[in-house]
Amino acid sequence: MIRHVDFVSAVLAERHPGDSAWAVISISDSDSSPTRLSPTFGRVLRLAFDDLDGEALANGGEGVVFTAAMAELVLQFLRGANQAPNLEGVLVHCEAGRSRSAAIAIFIAGALGAAFSHERRVDGWNELVLQQLERSAGLRVPRPSGMLTSTT
């Protein structure tokens with residue numbers, strides 16, 4: 001059962017020694033190679049999409065957008081991970097560990113009641129990603145107030 005969530009950069013994810021009790025949602029840019037993760041992690045979902053939100057798209061940003069199909073993959077992955085008795089947490093990473101990964105981690109915390117395993121600075125998340133997950137799940141999750149996620 002997923003009780004914890006954390007989000008980090010690709011560099012920190014690559015340095016992580018791995019933990020079989022943690023699943024990983026690994027987000028790469030559409031034109032990048034997948035992040036090298038420890039084989040000792042539990043389940044891993046790999047996605048490739050760019051950090052595009054409504055503002056970036058309005059300003060002509062190009063790349064791969066997070067789609068409803070990707071949101072469904074995340075939801076299926078979370079359902080499976082949440083039913084696995086040996087999994088305790090989900091580590092989400094993207095290139096910088098701030099926007100895309102934060103959006104998915106916020107969703108996990110709100111939808112599953114998972115606690116953030118560490119305080120993290122949240123100075124913005126990809127609202128398009130979060131909204132797409134909410135639409136696919138049919139629910140709305142609370143947004144963090146202030147700059148830090150808390151450990152509950």
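The values are calculated or read from the model by the stated rules, or taken from the named source; none is laboratory data. Bear in mind the structure is a predicted one, so any value in this text is a computation, not a measurement. Neighbour counts are summed over all protein chains in view; Cβ atoms, including those assigned to glycine, are modelled from backbone coordinates with ideal geometry. Accessible surface is based on the protein model in full, side chains and every heavy atom, while ligands, DNA and RNA are left aside. Shrake-Rupley method; radii C 1.70, N 1.55, O 1.52, S 1.80 Å.
For (1) more than 12 Å from H93 (Cα to Cα); (2) open to solvent by less than 30 Å² (accessible area, probe 1.4 Å); (3) modelled with pLDDT under 95; (4) aliphatic (A, V, I, L, M), each residue gets a yes or a no:
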position: E14; (1), (2), (3), (4): no, no, no, no
position: A21; (1), (2), (3), (4): yes, yes, no, yes
position: V24; (1), (2), (3), (4): no, yes, no, yes
position: P34; (1), (2), (3), (4): no, no, no, no
position: P39; (1), (2), (3), (4): yes, no, no, no
position: R46; (1), (2), (3), (4): no, no, no, no
position: D53; (1), (2), (3), (4): yes, no, yes, no
position: A58; (1), (2), (3), (4): yes, no, yes, yes
Exercise for review: Determine, yes or no, whether H93 is closer than 16 Å to F7 by Cα and at pLDDT 95 or above.
Suggested key: yes
Point to revise | Filter result for R143 (under 26 Å from R36 (Cβ atoms) and open to solvent by 30 Å² or more (accessible area, probe 1.4 Å)) | key: no
Exercise for review: State whether one or more residues within segment 83-93 are open to solvent by 10 Å² or more (accessible area, probe 1.4 Å), over 14 Å from the mean Cα position of the chain (by Cα) and among the polar types (S, T, N, Q).
Suggested key: yes
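Residue by residue, here is whether (1) closer than 18 Å to D29 by Cβ; (2) in contact (Cβ under 8 Å) with a residue 12 or more places away in the chain; (3) surrounded by fewer than 16 Cβ atoms within 10 Å (Cβ to Cβ) holds:
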{"residue": "G61", "(1), (2), (3)": "yes, no, yes"}
{"residue": "V64", "(1), (2), (3)": "yes, yes, yes"}
{"residue": "A68", "(1), (2), (3)": "no, yes, yes"}
{"residue": "G97", "(1), (2), (3)": "yes, yes, no"}
{"residue": "D123", "(1), (2), (3)": "no, yes, yes"}
{"residue": "L133", "(1), (2), (3)": "no, yes, no"}
Practice item. Return only the number of the condition from (1) in contact (Cβ under 8 Å) with a residue 60 or more places away in the chain; (2) more than 24 Å from T40 (Cβ to Cβ) that L91 does not satisfy. Key: (2)
